[in-house]
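Engineer: Take a look at the following structure, please.
The values are calculated or read from the model by the stated rules, or taken from the named source; none is laboratory data. What you are looking at is a predicted structure, and each value in this text was computed from that prediction instead of being measured. Here the Cβ positions follow ideal geometry from the backbone for every residue, glycine too, while neighbour counts run over all protein chains shown.
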Amino acid sequence: MIRVLVAEDMHIIRGALVALLQLEPDIEVVAEVANGDEILEVAQQTGPDVALIDVDLPHKDGLTAAAELREQLPQCRTLILTSLGTPGTLRKAMAAKVGGFLLKDAPADKLASAVRGVAAGQRVLDGELAMAAYDTVDNPLTDREIEVLRLAADGAGPEEISTVLHLSAGTVRNYLSTAVTKVGGRNRLDAVRIAREAGWM
């Protein structure tokens with residue numbers, strides 16, 4: 001019997017996942033959690049073979065929780081479930097050394113199959129997404145450009161960013177302009193969106 005922990009903050013989706021898995025004769029859901037910071041403690045108490053974890057969880061994101069599980073409970077394998085099917089998200093999941101990565105819009109029969117594969121020690125990945133991640137270019141942004149874009153993403157203007165980073169406002173504007181050009185954005189907000197979707201920031 002494959003013992004599964006389900007971590008999903010949306011009650012209806014979590015209930016549907018549990019119901020689907022409970023239909024399988026070789027799978028038993030031993031725990032359900034709604035917050036990322038509950039995963040490790042509950043996993044230590046219940047001893048699941050596989051943790052099915054949504055990427056976007058409150059209090060602690062799913063990839064951080066997956067990395068903690070890998071370090072402190074290595075016998076529990078992780079299957080990441082997400083609606084964020086971007087190559088950047090997949091690269092982050094791979095960097096966290098998760099056992100599998102499944103999109104929320106995948107057919108229902110793929111869920112149990114993915115759980116079985118991960119439990120058996122296989123890497124389970126969406127094929128098209130894996131190819132997209134393989135084909136994407138490396139991050140063209142420097143560390144400083146990423147830092148400036150992050151602050152801009154939080155709503156800071158060039159003057160505020162220059163104060164935080166101890167740079168002149170003109171230098172900050174140059175970093176923003178260069179970052180927008182490198183990622184092919186229309187403006188700084190578009191550059192932030194592109195960089196986030198690519199997993200560069």
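Engineer: Would you mind finding the one in Leu73, Leu79, Leu21, Leu57 that is over 14 Å from Val118 (Cβ atoms) and either in contact (Cβ under 8 Å) with a residue 40 or more places away in the chain or in contact with a Ser or Thr (Cβ under 8 Å, 6 or more places away or on another chain) (or both)?
Structural biologist: Leu57
Engineer: Any residue at all in region 64-72 that is among the small types (Gly, Ala, Ser), buried (at least 17 other Cβ atoms within 10 Å of the Cβ), assigned to a strand (DSSP E or B) and at negative phi?
Structural biologist: no
Engineer: Might you let me know whether region 118-135 holds any residue that is at pLDDT 90 or above, aliphatic (A, V, I, L, M) and in a loop (DSSP other than H, G, I, E, B)?
Structural biologist: Yes - at least one qualifying residue is present in region 118-135.
Engineer: Against the conditions (1) surrounded by fewer than 16 Cβ atoms within 10 Å (Cβ to Cβ); (2) hydrophobic (A, V, I, L, M, F, W, C); (3) more than 19 Å from Lys110 (Cβ to Cβ); (4) at pLDDT below 95, where does Ile13 fall short? Just the number, please.
Structural biologist: (3)
Engineer: Right, something else. Give the number of residues within region 158-181 that are in contact (Cβ under 8 Å) with a residue 12 or more places away in the chain and among the hydroxyl-bearing types (Ser, Thr, Tyr).
Structural biologist: Qualifying residue count for the region: 2.
Engineer: Right, here's the next one. Tell me which residues, restricted to region 152-174, are part of a helix (DSSP H, G or I) and either surrounded by fewer than 18 Cβ atoms within 10 Å (Cβ to Cβ) or out of contact with any Leu (no Cβ under 8 Å at 6 or more places or on another chain) (or both).
Structural biologist: Within region 152-174, Ala153, Glu159, Glu160, Ser162, Thr163, Val164, Leu165, Ala169, Gly170, Thr171, Arg173, Asn174 meet the criteria.
Engineer: Same structure, new question: Give the residue that is nearest to Ser113 (Cα to Cα), with candidates limited to residues of region 24-36 that are free of Cβ contacts under 8 Å to residues at least 40 places away in the same chain and of a type in the set (A, V, I, L, M, F, W, C).
Structural biologist: In this case the residue turns out to be Val29.
Engineer: Please find, among Val98, Val29, Val55, the residue that is over 26 Å from Arg196 (Cβ atoms) and in contact with a strand residue (DSSP E or B) (Cβ under 6 Å, 6 or more places away or on another chain).
Structural biologist: It is Val29.
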